[in-house]
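Step one of this worksheet: look at the structure below.
No lab work stands behind these numbers, since they all come straight from the coordinates. Model, not experiment: these values are computed from the prediction. In this analysis, Cβ positions are derived from the backbone assuming ideal geometry, glycine residues included, and neighbour counts consider all displayed protein chains.
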Amino acid sequence: MQRLDSGFIRAQFPAFGAPSLAGQAFFENAGGSYPCQPVIDRLTRFYRERKVQPYGAYRASRLAGEEMDEARERLAAILNVPTEELSFGPSTTQNSYVLAQAFRAALRPDDNIVVTDQDHEANSGPWRRLADAGIAIREWRMDPATGHLDPARLAALLDERTRLVCFPHCSNVVGEINPVADICALSRAAGAASCVDGVSYAPHGLPDIGSLGCDIYLFSAYKTFGPHQGVMAIRRALAEWLPNQAHFFNADTLYKRFTPAGPDHAQIAACAGMADYLDAVFAHHVGGTAPPAARGRAVHDLFRAHETALLGPLLDYLAGRNDIRLIGPRQAKGRAPTVALAHDRPGAELAGDLARHGIMA
């Protein structure tokens, strides 16, 4: 496989040329990412030229709607899901809360859902609050020593009343990449839908959602080189079974059913810049023509190989220290490059020391 051209990648991000950031090392972990140039260009153009109600007859309005549609169509194609199954919202947390309210209305008090203690709050709190409606919440617990989420423990939690299994593609603390396809298959065999939190995975290469077999997949564009939007893919059958959460006149449009308020037109349109960036990476490293999902997989694999090569020496170094404890797997293979450490000193104090050395963490 061709090696990732780091110089080309860095050139796509204006932050690397910003004088105010010179000499800084960006280790924001799973907190977010700077946007790529195409996202900035599209967002700026929208605010400058298209800041009107979209989908109207006049040119600016028509172009505004076309750019919003372009973002949905191109990202859906890369993610390998039907266009109408992809929707946007203010954030992944907000999208999760909207979904949870839909499930609250659809489930019965004798139903149960499964959540994990490996998830971050966006895919945990909204679902746990359904206990207020009499829905039983079953916790799939990770190994307290390693952070590993064992699918065998999930099997014991599933029964004929399990309606939903919520879990992360990878944890933003543990970093281990979970076997999503296997977990989704296990859930489906029990008659339960699956909701995968990809917030900590998608920034390292957009997944082929179509091959995972999940019913819901969530991630954040603002952690994936894009604007501040949450991206949500929901399988049609599930989306139509759940009650509409949007304006009544949007009930028949699948991608609008879980957007209660008006969408952020400019931010959605700017999401097409994420596709611009990924396509540029593909063209530079691979070239030729390929379907969008194949291009996405190729870029994903480029990112993954590069990150694994960089992560290995860091993990080896940390393993040799006796004053800190690495959380999660000690091998680069099978984990995301999200590294969390346990130390006797408070985390905020350590972050302050790192900042004084030009390390943004």
Counting Lys and Arg as +1 and Asp and Glu as -1, what is the net charge of the other residues whose Cβ lies under 14 Å from the Cβ of H265?
+2
What three numbers, in Å, describe the spread of the alpha carbons of the range 276-338 along their principal axes, ordered from the longest?
50, 17, 16
Roughly how many Å is it from the Cα centre of the range 49-110 to that of the range 264-294, as a whole number?
18
The range 113-121 - phi-based ³J(HN,Hα) in whole Hz, Karplus 6.51/-1.76/1.60, Gly and Pro as x
10, 10, 10, 10, 9, 9, 5, 8, 4
Diffusion coefficient, µm² s⁻¹, Stokes-Einstein with Kirkwood Rh over alpha-carbon pairs of the range 308-361 at 20 °C and 1.002 mPa s
177
Quick P(r) readout (the range 216-361; Cα-Cα; 10 Å bins; whole %) gives 9, 23, 28, 24, 14, 2, 0
Are there any chymotrypsin sites (Phe, Trp or Tyr not before Pro) in the range 56-106 that are in a DSSP loop and have at most 15 other Cβ atoms within 10 Å? List them by number.
Y58
Return the aspartates and glutamates within reach of K223: Cα separation strictly under 12 angstrom, same-chain partners fewer than 8 residues apart disregarded; answer none if there are no such residues.
E28
At most 13 other Cβ within 10 Å, DSSP loop - trypsin sites (Lys or Arg not before Pro), the range 249-337:
R321, R330, K333
According to the Cα gyration tensor, what semi-axes, each the square root of 5 times an eigenvalue, does the equivalent ellipsoid of the range 1-154 have, listed from largest to smallest in whole Å?
37, 27, 15
Lysines near K51 by alpha-carbon distance under 16 Å, same-chain residues fewer than 8 away left out - which ones?
none
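Please figure out what share of the DSSP beta bridges in the chain is antiparallel and state it in percent, rounded to the nearest 5.
45
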For the chain, the longest stretch holding no GluC sites (Glu not before Pro) located in a DSSP loop with at most 14 other Cβ atoms within 10 Å is which?
161-361
Once you compute Rg and the Kirkwood Rh from C-alpha atoms, what is the Rg to Rh ratio for the range 115-241?
0.94
Binned at 5 Å starting from 0, the alpha-carbon pair-distance distribution of the range 222-303 in whole percents comes out as 3, 13, 18, 16, 16, 15, 11, 6, 2, 0
Quick check: Cα centre of the range 304-343 to Cα centre of the range 221-244, how many Å?
31
Mind checking the full-extension length gain between D41 and D143? Use 0.36 nm per residue of separation minus the Cα-Cα distance, one decimal, nm.
32.2 nm
So what are the three principal axis dimensions of the chain from its Cα atoms, in whole Å, longest to shortest?
56, 56, 40
Give the shape of the range 25-102 as rounded, prolate or oblate, defined through the alpha-carbon gyration tensor: a ≥ b ≥ c are the square roots of its eigenvalues, a/c under 1.5 means rounded, and otherwise the shape is prolate if a/b is larger than b/c and oblate if not.
oblate
Please build a GNM for the chain, connecting alpha carbons under 10 Å apart, and tell me which residue among D323, D197, D119 fluctuates the most.
D323
Using a Gaussian network model of the chain whose springs link C-alpha atoms within less than 10 Å, name the residue from S200, S61, S171 with the highest mean-square fluctuation.
S61
